[in-house]
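For reference, the structure discussed in these notes is given below.
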Amino acid sequence: MTTSIVLIDDHKLFREGVKRILEFEPSFKVVAEGDDGDSATKLVEEHSPDVVLMDINMPQVNGVQATAELIGQYPDLKVIILSIHDDENYVTHALKTGAQGYLLKEMDSDALIDAIKVVSEGGSYLHPKVTHNLVKEYRRLADEGTGGAQAENTIEYRKPLHLLTRRECEVLQLLADGKSNRGVAEALFISEKTVKNHVSNILQKMNVNDRTQAVVTAIKNGWVEVFVN
């Protein structure tokens, strides 16, 4: 099956670069491009895409506003936000509007392709750096709610060896550290293909849809260490 994509970004050079990456994926087809939130609404109405890649900072109607309007009209539409901001406030605001993905523009091509595949299949996808920041914020709030140092004693860190192999535990920890597939591969001296296989096994064993859910589940269960600055 072909995943149809509408690409919305007011920087033409960036838009052309993203489109060129997507053209290398046989199952992707960019059916339309626009440069602001207003054009997004018109193009979605005209082309009924599977996924919209939406820049967050645009003149007039920004990406968050456009996403809220689109999801309101088309509840099943999948939107991935493209942004330069990794602050959790931007991320949570975007996700509250109905976006299923949030990518930083520093992403590599593999992350872009993976995000579209995951989101088009009903999952959610956050850039690894964003995931790490959200997990840190979650842990900080949890510590504040339980008295800081006391929280450290109530959450016992333990590797989920009852569920994952030792190597998969290492991969899960690196995902929580905000590593991309490439970053995990470099840290463990293995290939990116091997990393993808490990991630796939982790998701299946943890019964979650995507790496974001895997990291959140892991932090809630004390399966990974998260350091709060």
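The values are calculated or read from the model by the stated rules, or taken from the named source; none is laboratory data. Quick caveat, the model's predicted, so the values are computed rather than measured. Glycine gets a Cβ as well: all are built from the backbone with ideal geometry, and neighbour counts include every protein chain shown. Side chains included, ligands, DNA and RNA excluded: accessible areas come from the protein's heavy atoms. Shrake-Rupley method; radii C 1.70, N 1.55, O 1.52, S 1.80 Å.
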Specify the residue that is modelled with the lowest pLDDT; the eligible residues are those in the stretch 198-229 that are assigned to a loop (DSSP other than H, G, I, E, B) and crowded, with 20+ Cβ neighbours inside 10 Å. 226
Check 59, 26 and return the single one that is closer than 19 Å to residue 121 by Cβ and not polar (S, T, N, Q). 26
Members of the stretch 185-197 that are closer than 17 Å to residue 115 by Cα and surrounded by 18 or more Cβ atoms within 10 Å (Cβ to Cβ): 195
Residue, modelled with the highest pLDDT, within the stretch 1-13, restricted to residues that are aliphatic (A, V, I, L, M) and surrounded by fewer than 20 Cβ atoms within 10 Å (Cβ to Cβ): 13
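Please verify whether the stretch 14-31 includes one or more residues that are of a type outside the set (A, V, I, L, M, F, W, C), crowded, with 18+ Cβ neighbours inside 10 Å and not in a helix (DSSP H, G or I).
No; the residues of the stretch 14-31 include none that is of a type outside the set (A, V, I, L, M, F, W, C), crowded, with 18+ Cβ neighbours inside 10 Å and not in a helix (DSSP H, G or I).
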Among the numbered criteria (1) aliphatic (A, V, I, L, M); (2) touching a residue at least 60 places away in the same chain (Cβ under 8 Å); (3) crowded, with 23+ Cβ neighbours inside 10 Å, which one does residue 52 miss? (2)
Failed condition for residue 43, given (1) open to solvent by 20 Å² or more (accessible area, probe 1.4 Å); (2) outside any strand (DSSP E or B); (3) modelled with pLDDT of 85 or more; (4) in contact with a helix residue (DSSP H, G or I) (Cβ under 9 Å, 6 or more places away or on another chain): (4)
Residue tally, condition touching a Ser or Thr at 6+ places or on another chain (Cβ under 7 Å) and either among the aromatic types (Phe, Trp, Tyr) or within 12 Å of residue 112 (Cβ to Cβ) (or both), over the stretch 1-53: 3
